[in-house]
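Working notes, beginning with the structure itself.
The values are calculated or read from the model by the stated rules, or taken from the named source; none is laboratory data. Predicted model only: the values in this text are computed from it and were never measured. Methodologically, a virtual Cβ is constructed for each residue, glycine included, from the backbone with ideal geometry; neighbour enumeration extends over all protein chains shown. Note: areas computed on protein heavy atoms with side chains; ligands, DNA, RNA excluded. Shrake-Rupley method; radii C 1.70, N 1.55, O 1.52, S 1.80 Å.
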Amino acid sequence: MISSSLLARRLCDKRDEMDILIPAMIGFVGVLVGAVITTGANYLLAVRKEKAEAARDKLFRANELKTAARLIADDFFTAQTAVMEFVDNKRWAPAAARNFPLDAWQNDKEVLARELPLEDWNTVEIAVWAVERFRTLAPIPRSSDAMAEIGKPLLNDIKAGIEVLIPYMG
């Protein structure tokens, strides 16, 4: 049997070991808690940064689309005026007025291609073709009703292109 003094010494040794282990365990738990807090904070900051970048990108793309829609619609308005003169009054606009550029289309069609739904993109593209078709019509000294009839579908296509762009001009 174990003597009481031996038992008392073993209990004291165990108590001394526990006195040493408890601070070490508390320190270890503190390190774990600190690591969890740091990881959580870094995750929240990364999510916040990602959301801010996404919002900034969305705003940039919206502004880019708005600018492109406005500039291309301006080209369409110029063409629409000339085609309306041709269709309604059966008169050609002066050559300088019919030589309207499609510079905005050339510069910004990628923005529209990326941002517009397919149906809207197709409508705008058809309007561009209508503008180009009208520019290539050869003027005759006296415009006839038949020539004006050629211009009506072109005018409708240009108007449709403008109507599609209006919501994006915001």
- Lys49: which lysines have alpha carbons under 20 Å from its alpha carbon, excluding same-chain residues fewer than 8 sequence positions away? Lys58
- So for R0 = 45 Å, FRET eff. of Ile166-Val36 from the Cβ-Cβ r, to 0.05, ends up at 0.25
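Over segment 63-134, average the accessible area per residue using a 1.4 Å probe and give it in Å², no decimals.
51 Å²
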